[in-house]
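As structure tokens, the structure follows; a few thoughts come after it.
Since every read-out is calculated from the coordinates, none of them should be taken as a lab result. Keep in mind that what you see is a predicted model, and the values were worked out from it rather than measured. Neighbour counts run over all protein chains shown; Cβ positions are idealised from the backbone, glycine included.
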Amino acid sequence: MSRILNFYPGPTSLPLEALESIRDELLEWRETGMSVMEISHRSKEYDAMHNETKDLLAEIFKVPSNYQVLMLQGGATLQFAMIPMNLLNDKESADYVVTGRFSKNAYETAKVIRRVNLACSTEENGKFFRIPARKEINISSGSIYCHLTSNNTIFGTQWKTFPDTGAATIACDMSSDILSRKIDVKSFGLIYAGAQKNLGAAGVTVVIIRDDLIERSQKNIPDILSYRVHSAKNSLYNTPPCFGIFIMNKVLKWVKGQGGLMFIEKQNEEKAELVYSLIDKNPEFLKTRVDKGSRSSMNITFNLPTEELESRLITEAKEAGIVGLKGHRSVGGIRISMYNAHGINNIKVLVQFMEEFLQKNG
Ligand SMILES: Cc1ncc(COP(=O)(O)O)c(C=O)c1O
């Protein structure tokens, strides 16, 4: 077996231990004589695994008891619609801070559903390379929530600390950095994330929501879109993404086994330091447009002096068993997405490859 070093932005690399455990249980799961894909979602065996997964996430992420963990479908993108639909009536409004493509999508989606204000945008010439200062954000009076995106996957920026938004509670898209660091969950009203980066495979979306916001769920929306209904039914209103939840269960056990977020956060900082110090030592060759204080530890973006060199780096990386380095089509250049599954040794291999490439071409 030869596993490649995978730096795709998501779906992406999963911990090998989790994959092996999934493989070992694929045909016969927990002495049921069948796979977890084949068992009823109403069975006691499935129910135990479903609750265990939810509880593991709450334990690792230190979710306070007045929050619920929901495991839904529709990707983070469905949350762009569910949040305004549930949390606002037709007279209320919310604020959006736009720091990248996905936060812009969240804002544009909310705009067609309820009244929302653009509290701040860091867009310049169609690109977003920085996180704003608190003084740039205009929270409007009576705003119910303020929407942020904690890590901007495409551009490689990340909120290092979160702003105080007063009475407007924070609703935060953590799709590309959930479980990458310790977070004080009680500073947020709602956190959501698609699973396909740090939590598992595509198909499950986690929503962590405070009880009073569940109570806000509007009554005139379909049950399938209601936080109140999903919470009351323990994310079993309809058939849940059982296999995706099983994968998440394995990944969460792996996170816990690694030493939880204490270890993961430290390792992510060390990984980012390795790559950024290479960038800072070679500013003429590895050119990053990202503001220094806004640098992401999950997605690192930069350009080489020419597109031809960028293509050569991607080709030679592939020959060396390293894939997923091509920047998003709207930004170009190189992007290294190094989620939790990458240990420090993978990043050392990548940095060594880049150093050799620099020696040959720099
Ligand atoms: C920060 C962020 N938000 C939202 C999305 C969209 O997620 P999904 O494809 O699960 O709807 C992505 C996808 O990469 C993302 O990185």
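For the listed peptides 234-246, 258-270, a ranking on the average number of other beta carbons within 10 Å per residue, highest first, reads 234-246, 258-270. Rg/Rh for region 243-287 stands at 1.27; both radii use Cα atoms, and Rh follows the Kirkwood definition. In region 20-131, the ratio of gyration radius to Kirkwood radius, Rg to Rh, stands at 1.14 when only Cα atoms are counted. Distance between the C-alpha centres of region 305-362 and region 77-94: 39 Å, rounded to the whole angstrom. Our helix-only sum for the chain, with -39,500 (n - 2.57) per DSSP H run of n ≥ 4 divided by its residues, gives a mean residue ellipticity at 222 nm of -11500 deg cm²/dmol. When every Cα-Cα distance of region 232-362 is counted in 5 angstrom steps from zero, the calculated P(r) takes the values 2, 9, 17, 19, 16, 11, 9, 8, 5, 2, 1, 0, 0 percent. A simple spin-label model places the labels of Asn89 and Lys186 2.9 nm from each other, with each point 7 Å out along Cα-to-Cβ. Averaging the sequence gap over all C-alpha pairs within less than 8 Å and six or more residues apart, then dividing by the number of residues, gives region 1-93 a relative contact order of 9 percent. Neighbour counts of other Cβ atoms within 10 Å put Val204, Val349 in the fewest-to-most order Val349, Val204.
Overall, region 19-125 carries a charge dipole of about 620 debye about its Cα centre when +1 sits on the Cβ of Lys and Arg and -1 on the Cβ of Asp and Glu, all other atoms neutral. In percent, rounded to a whole number, the relative contact order of the chain is 22, using alpha-carbon pairs under 8 Å and six or more apart. Stokes-Einstein, applied to the Kirkwood radius of region 225-304 over Cα pairs at a viscosity of 0.692 mPa s and 37 °C, places its translational diffusion at 202 µm² s⁻¹. Separation of region 212-235 from region 257-271 is 34 Å, based on Cα centroids. Protection proxy ranking for 167-173, 211-217, using the average of other Cβ atoms within 10 Å per residue and placing the highest first: 167-173, 211-217.
Computed over region 7-79, the quotient of the alpha carbon radius of gyration and 2.2 N^0.38 Å is 1.33. Spread over its residues, the convex hull of the C-alpha atoms of the chain is 133 Å³ per residue.
Restricting region 1-104 to trypsin sites (Lys or Arg not before Pro) that sit in a DSSP loop and have at most 14 other Cβ atoms within 10 Å of their own Cβ leaves Arg3, Arg30, Arg42, Lys62, Lys91. Computed FRET efficiency, Cβ-Cβ of Arg115 and Phe162, R0 30 Å: what is it to the nearest 0.05? After rounding, the FRET efficiency stands at 0.80. Using the Cβ-Cβ distance between Glu284 and Glu307 with R0 = 22 Å, the FRET efficiency computed as 1/(1 + (r/R0)^6) comes to roughly 0.85.
For the residue pairs Lys127/Lys266; Lys91/Lys111; Lys62/Lys256; Lys160/Lys287; Lys104/Lys326; Lys182/Lys281, the alpha carbons lie more than 19 Å apart in Lys127/Lys266; Lys160/Lys287; Lys104/Lys326; Lys182/Lys281.
Expressed as a fraction of 2.2 N^0.38 Å, the value expected for a compact globular protein of N residues, the C-alpha radius of gyration of region 163-217 is 1.19. Against the compact-protein benchmark of 2.2 N^0.38 Å, the Cα-based radius of gyration of region 166-315 scales to 1.33.
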